[in-house]
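Following: one structure in C-alpha cells, then a few remarks.
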Amino acid sequence: MGVEGSVIFEKQPRENLRSVQSVISVEGLTRVFGQDPERALKLRRSGRSKDEIHEETGNTLALYNVSFEIVPGEIFVLMGLSGSGKSTLLRCINRLIEPTGGKILIGGRDIVSMDPEELRMVRRCKLGMIFQNFALLPHRTVLDNVTFGLEVQGIPEDERYQKGNELLRMVGLGDYGASMPIHLSGGMKQRVGLARALAGDPEILLMDEAFSALDPLIRREMQDELLDLQRRLNRTIIFVTHDLDEALKLGDRIALMRDGEIIQIGTPEEILTRPEDAYIERFVAGVDMTKVLSASDVMHHPGPVAQCTAGTKVALHLMKEHDVENVFVVGHERRFRGLVTFDDVLEAIRAGRELEEIVITDVPSVAPDATLSDIISLIVGGPYPVAVVDDRGRLRGFISQSAILGALARNGERSRAVA
Amino acid sequence: MERDLVQLPKLPVGDIIVAFVDWIEQYFGWLLDGISAVLGFLIGGLQDLLLAVPAPILTLIAAALVWVVTRRDIKLAGLTALGLLLIWDLHLWNLAMLTLALVLVSTIVALAISIPLGIAAAGNDTINAALRPILDFMQTMPPFVYLIPAVIFFGLGNVPGTIATVVFAMPPALRLTNLGIRQVPIELIEVADAFGSTPQQKLFKVQLPVALPTIMAGVNQCIMLALSMTVIASMIGAGGLGYQVLVGIQRVNIGMGFEAGLAIVIIAIILDRITQSLMPRYYERQ
C-alpha cells in the first residue's frame, strides 16, 4: 500500500442549492399598519425613512418591497433587531398577517390571492409553525396538543394518536402524552411545539424566535437537536431570531433586516466576512469568533499521512520531504491512529522497531464542528497539533497553534476596523 | 311655596309608554303568551320533579353530587347534607324546591341568552359597542324597576318573577363571556389559524375552552344574582322562600323571615360550591 498524498476536501458548496427550484418565493412584499397605506408607500417611494413616515402619517411601514427565494431543505434565518419586521414577514408567509402588497409563492402558487378555503388547505398541509412562547393549548393534554392540526383536518382519533405518539417519541417526550402543558418545563413545551408543527408533515416550518424564551443551556441543546432533526427530516425552515450567534449556528443563509427591509442575504460566512454596510458590521462586531469559527474552518489539510502498515523508513521519508517534525498515522479508510515524531522514527529505525510500536496515541482530537473556544484549551500547552476527526473516526485535518493564532488575529483586525 | 319661573310643558313620556305597551300587547300578545306558557311549564315541571323525590333521598343525591364535583371533599358533602336536612326540618322543603326550580330555570334562560350574545360581542366590535350601553343600563337600573314591565306583560306569579330575574342575572354572564374570549392570548388564536382551523373549530376548540374559567365565573355570578332576586321577585307573586321572607317582613314575623332567609343562604352556598368546583383546573399546578 502506498503513501497517500494530501486529501482534497469535499466541503459542500452551498451555491449549488440555489440552482434548485425555490419552495418559497417572495416578491415585493409590503405591509403597512395604519389607516392610509397608499400615502405611506408614496412617501417611501419618494425616499422618506420609516420613522419620518410614521411621524407624518401615523402609519407604520412594517415591510417594504421584500423579495427573496428559499430553496428546499435550507434553514433560512430572518435576523434583525426587534421592530425590524422579521416576525411580520414570517406571519405574512402563512397570512396570519395580511400583506398590503406583493406576492408570496409557495410551491408556485400565490398565497396572498388565495380564498379562505384554499388558504386553510395550504396551512394544514404545507406549513407548520412554532411560536416564541410555545403557545400550547392549556386545556389539552400534550398528545392532544401535538395532534391539534390533525384533529382540525378531521383525521380519526386512533390514527392521529398513533402519529402523535410517534412524534412525541421522536422529540424525547414519549412518556408525557397524557400530561398537561402546565406541568412541563420550557424546553419540554417547545419540544411539544416542534412535534405539533411536524404532525401535519409540512414541507415548510415557520419558527418564530422558537428558542428565545429558553435559558441558554436548554437553548443550545434545542438548537443542536433542531440541526440533528433537520438532517433526518430535511424540511425547509424559516427561522426568525434576534440573536446573531443563533443565526450563524443554524442558518444555511441569513437575511438581515432593518426597518422592514432586507439589507443583506448571504451565508453566515458572507455575512461575517463581507458585511454589506456599516449597520451589519456593527451587528457582527460583537460576535465572539472563538464561538463562531469551528474546527473545520481553521484546520489545515492533514498533509502527509503515514499508513500504519507502512514502514518507519516511509515515515522518515515523508517528514524529510515535507520538512515537518511529525506525521499523522492512519489506519484502514484513513481512520485516525495517532502520530509519530521525527526523533522516535530515527530511534526506531536504529533499534529495528515497527512503526506501530512508536505511534503516540494520546494526541488530542476534536470533531469538525467543535468551536475554537473548545480547541484553545487543548492546544495551549500541548506538544502536538490537534487532530480533527469526523464521526466515523477518519482524519479530516489538523489544527496547529499558528492556525488558531491566525484566526484570532483576523478577528482582532475586524473588531478594530469596525471600532 | 317656591314657584317655577318658567312653566315647561310636561312631555308625555308616560302616555307614550302606555301606548307602546298597548301596541306590544296587541301585536305580540301571542308571543308573550307563548313565553309565559313555556316558562310556566318549565318551572312547574322542575318543581314537580324535585318534589317527586323524597326529601332525605334528594339530600343524599345532593351530597353525593357535591362529593363528586368537589373531588371527594367529604366535609363539604357532609355540610350539604346537614344544610338540606335543616331546611327539611324547618318545614321549608316545598318552598325551597320551588325556589330552586325558579333559580335554575332563570339561570338556564339567562345563560341561553347571555353566552351566545357574549360570543357574538367578542367576535364583532359593532355588536359589542351596541350591547355595552344596554348592559350598563340593565346593571345600573335598580332591580325593582324590572318588576314593572314584567308585571305589565306577564301579570303576577312565578313567570314574571322569572323574567325579571333573567334580566337581572344576565349582564355579568354576558360581560364575562365577552371578556374571557377577548382575553384568549393572541398566540393561541394564531395557533388555531396557523394549523388551518375553520372559524367554528377556532371557537369550539380554542376560544371557548381557553375562556372557560372566565365564562364559568360568569355562570356562577348568574346563579348568585338569580338567588338574590328571589325575595324581590316575590313582590310580584313569585313563590318559594323569597315569598316567605316577604311575608315575614309584612307580618313583622322575625322568626319566620329569618328561617326562610337561612334556607336561601344554604341553597346559595351549595350552588356556589358546585359551580366553583366545576371550573376547569388546567391552569393549576398540582
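The values are calculated or read from the model by the stated rules, or taken from the named source; none is laboratory data. Every value quoted in this text rests on a predicted model; they were computed, and no experiment measured them. We place every Cβ from the backbone using ideal geometry, glycine too, and count neighbours over all the protein chains shown. Calculation scope for accessible area: heavy atoms of the full protein, side chains included, ligands and nucleic acids excluded. Shrake-Rupley method; radii C 1.70, N 1.55, O 1.52, S 1.80 Å.
Some observations on this one:
- Where GluC sites (Glu not before Pro) fall in DSSP loop in the range A:301-359, at most 13 other Cβ within 10 Å: A:Glu325, A:Glu354
- Alpha-carbon Rg with Dmax, taken over the range A:192-239, Å: 10.6, 29
- Remark: the range A:68-175 carries 37 Å² of accessible area per residue (probe radius 1.4 Å; ligands, DNA and RNA excluded).
- Computed with a 1.4 angstrom probe on protein heavy atoms, the B-A interface buries about 2300 square angstrom of accessible area in total.
- Inter-chain Cβ neighbour count for A:129-141, averaged per residue, equals 5 (cutoff 10 Å, partner chain atoms only).
- Chain A - share of DSSP beta bridges that are antiparallel (%, nearest 5): 60 percent
- Dipole magnitude of the range A:296-407 about its Cα centre (Cβ charges: Lys, Arg +1; Asp, Glu -1), debye to nearest 20: 260 debye
- If both residues of a DSSP beta bridge must be in the protein assembly as shown, then about 60% of such bridges are antiparallel.
- Across chain B, Cα pairs under 8 Å and at least six residues apart give a relative contact order of 21 percent.
- Fraction of antiparallel bridges per DSSP, the range A:181-316 only, in percent to nearest 5: 50 percent
- Under DSSP loop assignment and at most 14 Cβ neighbours within 10 Å, longest trypsin sites (Lys or Arg not before Pro)-free interval of chain A: A:12-352
- The protein assembly as shown, Cα convex hull volume normalised per residue, Å³: 288 Å³
- Signed unit charges on C-beta, dipole axis of the protein assembly as shown, positive-most listed residue A:Cys92, B:Ser36, A:Leu43: B:Ser36
- Evaluated at q = 0.10, 0.21 Å⁻¹: base-10 log I(q)/I(0), Debye formula over Cα of the range A:296-407: -0.28, -1.11
- For the range A:116-133 versus the range A:83-113, the spacing of their alpha-carbon centroids is 12 Å.
- Unit charges at the beta carbon, dipole of the protein assembly as shown: most positive-side option, B:Val159, A:Ala295, A:Ile399: B:Val159
- Note on the range A:179-291: with charges restricted to the Cβ of Lys and Arg (+1) and Asp and Glu (-1), its dipole about the Cα centre is near 420 debye.
- Theoretical ellipticity at 222 nm over chain A - DSSP helices of four or more residues, -39500 (n - 2.57) apiece, nearest 500: -11500 deg cm²/dmol
- Cross-link check: pairs A:Lys249/A:Lys320; A:Lys126/B:Lys202; A:Lys42/B:Lys202; A:Lys249/B:Lys202 evaluated at a Cα-Cα cut-off of 29 Å; pairs beyond the cut-off: A:Lys249/A:Lys320; A:Lys42/B:Lys202; A:Lys249/B:Lys202.
- Between the alpha-carbon centres of the range A:231-260 and the range B:57-123 there is a gap of 57 Å.
- Its Cα centre serving as origin, the protein assembly as shown has a Cβ charge dipole (Lys and Arg +1, Asp and Glu -1) of approximately 760 debye.
- The rule of thumb for compact globular proteins, 2.2 N^0.38 Å, goes into the C-alpha radius of gyration of chain B 1.18 times.
- Shown for the range B:46-153 is the translational diffusion coefficient from the Stokes-Einstein equation, using the Kirkwood radius over Cα pairs, a temperature of 37 °C and a viscosity of 0.692 mPa s: 191 µm²/s.
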